[in-house]
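S.K.: Just dropping this structure here.
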Amino acid sequence: MKGNENLLEALKHLVSNVTVQLDSHWRVRMKWLELCTLLAQNKLQKWTQMITNLARKDEDEDVRREAVRSLIILITSEDKLPSAIKTMLSNIDISALDADRRVRMEWVELFCAMTQKKFYNFLTAVIKMSTEDHDEDVRLKAMTSLASLLESDGMLSLMPIIHMYIEIKTEKAHESFVKIISSNTWSLD
């Protein structure tokens, strides 16, 4: 165990002044992302911030998508880390989230993971993406994720909030949402 602690300290020292943005090649940034994820799992706030920055700002969509996946790993594997991620993502603009639909689909997963960790303000982002995203695959992913989220333990109580939001939106969005819900074993009642 002492060897792991020494290795971790050596890695912290090695990369203490390095920023992921220094390298212009996306494959190198992807490897840095893997390292940042490992370091962030050891509750190192700086690395969580680097991953969040890559998820939001990297020029390559594959790097952004992988960074969002890394955040999902951190959220689902740690108890204390989601608060840090919540703070970093608190001012995110859903409408300007990402140009790439595959990256936005990963953001849906991230927001669902945050909702499962009881950060319910991220549920609004999933709902909004299910009705307002310009890409049908993203809307479908968001609706399917909402259905799965609601089926999970303790989340069914959120159904009235979602139903109210959907009623406010267009009839087309409401019909799409009802179609997804009706394919499952529960109803809007």
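S.K.: Against the condition assigned to a helix (DSSP H, G or I), under 22 Å from ILE51 (Cα atoms) and open to solvent by less than 30 Å² (accessible area, probe 1.4 Å), how does LEU123 come out, does it pass? Talk me through it step by step, then tell me what you get.
M.R.: Working: assigned to a helix (DSSP H, G or I): yes; under 22 Å from ILE51 (Cα atoms): yes; open to solvent by less than 30 Å² (accessible area, probe 1.4 Å): yes.
So LEU123 fits the description; yes.
S.K.: Can you give me the number of residues within the range 38-65 that are part of a helix (DSSP H, G or I), open to solvent by 60 Å² or more (accessible area, probe 1.4 Å) and at pLDDT 85 or above?
M.R.: The qualifying residues number 3.
S.K.: Oh, and also: Identify, by number, the condition in (1) modelled with pLDDT of 80 or more; (2) surrounded by fewer than 20 Cβ atoms within 10 Å (Cβ to Cβ); (3) of a type in the set (S, T, N, Q) that THR87 doesn't meet.
M.R.: (1)
S.K.: If I filter the range 142-162 for residues that are modelled with pLDDT under 75, hydroxyl-bearing (Ser, Thr, Tyr) and open to solvent by less than 60 Å² (accessible area, probe 1.4 Å), do I get at least one hit?
M.R.: No: the range 142-162 contains no residue that is modelled with pLDDT under 75, hydroxyl-bearing (Ser, Thr, Tyr) and open to solvent by less than 60 Å² (accessible area, probe 1.4 Å).
S.K.: Which of the residues spanning the range 93-116 are open to solvent by less than 30 Å² (accessible area, probe 1.4 Å), hydrophobic (A, V, I, L, M, F, W, C) and in a helix (DSSP H, G or I)?
M.R.: Within the range 93-116, VAL103, TRP107, VAL108, LEU110, PHE111, CYS112, ALA113, MET114 meet the criteria.
The values are calculated or read from the model by the stated rules, or taken from the named source; none is laboratory data. As the structure is a computational prediction, the values presented were derived from the model and not from experiment. A quick note on method: Cβ atoms are made from the backbone with ideal geometry, for glycine too, and the neighbour counts reach across all protein chains shown. Just the protein is used for accessible areas: all its heavy atoms, side chains included, with ligands, DNA and RNA removed. Shrake-Rupley method; radii C 1.70, N 1.55, O 1.52, S 1.80 Å.
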